[in-house]
Amino acid sequence: MILLFILGISLIQFGLYYLNTKYKTKLPNLIILLTLLICYFFVFPKFFYPEPRTDGINCGMPILGITLGFWIFGTIAGIATHIIWTIKNKKAHKHNNV
């Protein structure tokens, strides 16, 4: 479920890059990347934390696994998406100039 969520966020990231290029905004693509990386580190993992048990015995291992999963896979997905978009955009720009 977490990997599907990260894949969805990568698709949203592609969409933001596309809209940013299409409307020629002054917003650098790096700002989009940094915003999503901050969300991967601090916002998104909290959506997947398990509910605390009422008996007071709560193990932190699921929270640790979820957080590390977002940190590792989210960072890789965000940076890979950014690199793929940059390469694709440079190739498209190069073909338009020739």
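The values are calculated or read from the model by the stated rules, or taken from the named source; none is laboratory data. For clarity, every value in this text was computed on a predicted model and none was experimentally measured. Every residue, glycine among them, receives a Cβ derived from its backbone with ideal geometry; neighbour counts consider all protein chains shown. For the accessible areas, the whole protein counts, side chains as well, though only heavy atoms, and no ligand, DNA or RNA atoms are used. Shrake-Rupley method; radii C 1.70, N 1.55, O 1.52, S 1.80 Å.
Odds and ends about this structure:
- Sub-7 Å Cβ pairs linking a first residue in segment 65-88 that is hydrophobic (A, V, I, L, M, F, W, C) to a second residue that is open to solvent by 20 Å² or more (accessible area, probe 1.4 Å) and outside any helix (DSSP H, G or I), at least 6 apart or interchain, are Ile66/Tyr49, ordered by first then second residue.
- Some residue of segment 6-13 being open to solvent by 80 Å² or more (accessible area, probe 1.4 Å), of a type outside the set (Val, Ile, Thr), in a loop (DSSP other than H, G, I, E, B) and touching a helix residue (DSSP H, G or I) at 6+ places or on another chain (Cβ under 9 Å): no
- Exactly one residue among Asn97, Asn89 is at pLDDT below 90 and surrounded by 14 or more Cβ atoms within 10 Å (Cβ to Cβ), and that residue is Asn89.
- Count of segment 18-53 residues which are surrounded by 15 or more Cβ atoms within 10 Å (Cβ to Cβ) and under 13 Å from Thr75 (Cβ atoms): 7
- Gly56 meets the conditions (1) of a type in the set (Gly, Ala, Ser); (2) in a loop (DSSP other than H, G, I, E, B); (3) surrounded by 11 or more Cβ atoms within 10 Å (Cβ to Cβ) in every case but one. The failed one is (3).
- The C-beta contact set for segment 4-17 (first residue closer than 19 Å to Ile72 by Cβ, second residue open to solvent by 30 Å² or more (accessible area, probe 1.4 Å), distance under 6 angstrom, 6+ apart or interchain) comprises Ile6/Phe73.
- Restricting attention to segment 59-86, the residues that are open to solvent by less than 70 Å² (accessible area, probe 1.4 Å) and not in a helix (DSSP H, G or I) add up to 1.
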